[in-house]
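Enquirer: First, the structure itself, so that you have it in front of you.
The values are calculated or read from the model by the stated rules, or taken from the named source; none is laboratory data. Bear in mind the structure is a predicted one, so any value in this text is a computation, not a measurement. Here the Cβ positions follow ideal geometry from the backbone for every residue, glycine too, while neighbour counts run over all protein chains shown.
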């Protein structure tokens, strides 16, 4: 994750905290701090999920090349996958198991990257059964 972006986000959160602490209404200020902490935690977890999605870049290229060479995904060698990755040999869909990524994810929480192929070009669609702000919005169903 970009350090400058993290520093900017930290400064923004710090400004929110200063405003909250300067507030005459302590209850409102503490509520703002709590909501800021929750938002930042969700941001951190979303960053972990995005990192896992980015790790599939090479795998997606391998699947695309296999499909072009063999006119399908059958026979694709799945050795060397990360332990949280799996591939559907019929559709080429990549599934990421999120349960070991962070304690907030439960068994069965996953992201699926589905290839949509048009004229030999691939467009990978992200879907997830996790409906909270812990996954990128583009992956939420």
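Enquirer: For the structure I just gave you, tell me whether residue 119 is out of contact with any helix residue (DSSP H, G or I) (no Cβ under 7 Å at 6 or more places or on another chain) and surrounded by 12 or more Cβ atoms within 10 Å (Cβ to Cβ).
Expert: Judged against the criteria, residue 119 is not a match.
Enquirer: Shifting gears a bit: Filter the range 129-141 down to the residues that are in contact (Cβ under 8 Å) with a residue 24 or more places away in the chain and not in a helix (DSSP H, G or I), then identify the one that is nearest to residue 45 (Cα to Cα).
Expert: Ranking the candidates gives 134 first.
Enquirer: Please go through (1) over 10 Å from the mean Cα position of the chain (by Cα); (2) surrounded by 12 or more Cβ atoms within 10 Å (Cβ to Cβ); (3) under 15 Å from residue 54 (Cα atoms) for residue 96 and return the number of the only condition it doesn't satisfy.
Expert: The one condition residue 96 does not meet is (1).
Enquirer: Would you please list the contacts, defined by Cβ atoms under 8 Å and residues six or more apart or on different chains, that run from a residue in the range 91-115 that is at positive phi to a residue that is surrounded by 21 or more Cβ atoms within 10 Å (Cβ to Cβ)?
Expert: 92/63
Enquirer: Could I ask something else about it? Restricting to the range 56-82, and then to whatever is under 18 Å from the mean Cα position of the chain (by Cα) and closer than 10 Å to residue 94 by Cβ, can you tell me which residue is surrounded by the most Cβ atoms within 10 Å (Cβ to Cβ)?
Expert: Only one residue fits best here, namely 56.
Enquirer: Could I ask something else about it? Please work out if residue 80 is in a loop (DSSP other than H, G, I, E, B), modelled with pLDDT of 95 or more and at positive phi.
Expert: When the stated conditions are applied, residue 80 does not pass them.
Enquirer: Let me ask something else about it. Name the residue, out of 45, 50, that is surrounded by 15 or more Cβ atoms within 10 Å (Cβ to Cβ), in contact (Cβ under 8 Å) with a residue 24 or more places away in the chain and part of a helix (DSSP H, G or I).
Expert: Going through 45, 50 in turn, the sole match is 45.
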